Amino acid sequence: MHLDTYSKDLSSTAGRAWDAAATGWSRHGALVDTWLREATGTMLDAAGIGPGAKVLDVAAGAGGQTLHIARRVGPNGRVLATDISASVLALAEHALRAAGFDRIATRVADAQALDLAGSEFDAAICRLGLMFCHDPLNALGEIRAALKPAGRVSGLVFSGPQCNPCIAVLMSTALRHAGLAPASPNTPGTLLSLGQPGLLAQLLTAAGFVDVEVRAISAPMHLPSSQDYIDFVRTAGLPIMAILAPLTAAAQAHAWRDMAAQLDKFSTSTGWVGPNELLLCAATRPASPAAMDHPAAP
C-alpha cells in the first residue's frame, strides 16, 4: 500500500480518527500551548483580531488557540470553533466554559464543507489544520465564503521536510515499520503537504484572496528528552498513530523506540530541542463584489 491510498482511507473516517486522538490532545494541551504560543499570537495579529470581532476558528482541535481568540475579542466578540471531531470539540467547549467564556459556539464540520457562506465573519484562522485537507483549495474557498468583504484569514502549516526533521523521521520510520512504501512529503492530506515553496500563496490566490503573504516561522519544541516527544506523538499525533495502528503492540513499541533513538540527536545539555518550521499565511477577502465573484483559476 502507498501512503496516498492510506491517507485517502484515513480521510474517509477522519472524524472518528480524530475522536480517538482527542484525549491525547487534551492531555497535552499545556505542552502544545507553550510550543505554539508565540506563533499563535503572530497568527492572530495577522488576522487583525481585536475587541468585538466575530471570528471563525477552523479545525479548532481542543481549543487552545480558541481560548486566545476569546481573550482578544472580549465580551462583545463572538467566536465559532469548528472541527471534524465531535469529541475534540466537546473537550474544547468544556475548557472554554471552565475559563469563563460563554460566547463561544462550536460546530462539527469538515473544513472542506463548512457551509457558512454569508456568515460575515471579520476574521478566520486555521492553526495546523489546512494541511490535512485533501482539497485545501476547496477549504480556502469555504473560508473565504464565510468572511465578510475585506475580512482577513490567517493560518499556520508545517513547511517542508528539510526544516522539520523530527516529522520527517517520524513519518519515514512509521512507514518502514508498517511495511508501507516511502512517500512524497507532498502527498495531499499529510503533515508536510503544504510545505512546497510557493504552494500556499498559490492556493490562497486561486481561492480568491488578495494581499497574500506567506513567511516562515521557527517553532522549536523544548522538552526534557526525545522520549517525552514520543510520548506526545503516540497519544496525540494521529497521522503516525494511524500508520502504526495495524501492527501488534510489540511491533508498535519497537517502532516508537526506533524513533526515539533517532531523535536523540536533538538532545542538548539543557534538554531536547526539536526543530520545527511553520509557514504563516495571511490574506484578505476582496472588498469588491466583482473580485469576490471571480476568483482566480487554480
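Structure notes:
- Dipole magnitude (debye, nearest 20) for the chain, charges at Cβ of Lys, Arg, Asp, Glu: 320 debye
- The distance from the alpha carbon centre of region 205-247 to that of region 88-109 is 23 Å, rounded to a whole number.
- Solvent-accessible area, 1.4 Å probe, carbon plus sulfur percent, for the chain: 56 percent
- Cα-based shape type of the chain, given that a ≥ b ≥ c are square roots of the gyration tensor eigenvalues and the cut on a/c is 1.5: prolate
- Between the residues Ala282, Leu116, Val73, the greatest Cα displacement towards the positive end of the dipole of the chain, with unit charges on the Cβ of Lys, Arg, Asp and Glu, is found for Val73.
- Distance between modelled label sites at Asp102 and Asp45, nm, 7 Å Cα→Cβ extension: 3.4 nm
- For the peptides 241-247, 227-233, the ranking by mean Cβ contacts within 10 Å, running from highest to lowest, is 227-233, 241-247.
- The distance from the alpha carbon centre of region 65-85 to that of region 269-286 is 21 Å, rounded to a whole number.
- In order along region 105-111, the phi-based Karplus estimate (6.51 cos²θ - 1.76 cosθ + 1.60, θ = phi - 60°) of 3J(HN,Hα) comes to 9, 10, 8, 6, 7, 6, 4 Hz; Gly and Pro are listed as x.
- With all protein chains kept in place, the per residue accessible area of the chain amounts to 43 square angstrom at a probe of 1.4 angstrom.
- CD proxy at 222 nm, helix term only [per DSSP H run n ≥ 4: -39500 (n - 2.57); per residue of the chain; nearest 500]: -14000 deg cm²/dmol
- Remark on Thr106: its backbone amide H falls under 5 Å from those of Ala81, a criterion applied only to residues 5 or more positions apart or on other chains, H modelled at 1.01 Å from N.
- Restriction of the trypsin sites (Lys or Arg not before Pro) in region 90-178 to DSSP coil positions whose beta-carbon has at most 16 other beta-carbons within 10 angstrom yields Arg103.
The values are calculated or read from the model by the stated rules, or taken from the named source; none is laboratory data. Since the model is a prediction, treat every value here as computed from it, not as a measurement. Every residue, glycine among them, receives a Cβ derived from its backbone with ideal geometry; neighbour counts consider all protein chains shown. Surface areas here come from the heavy atoms of the whole protein model, side chains and all, with no ligands, DNA or RNA. Shrake-Rupley method; radii C 1.70, N 1.55, O 1.52, S 1.80 Å.
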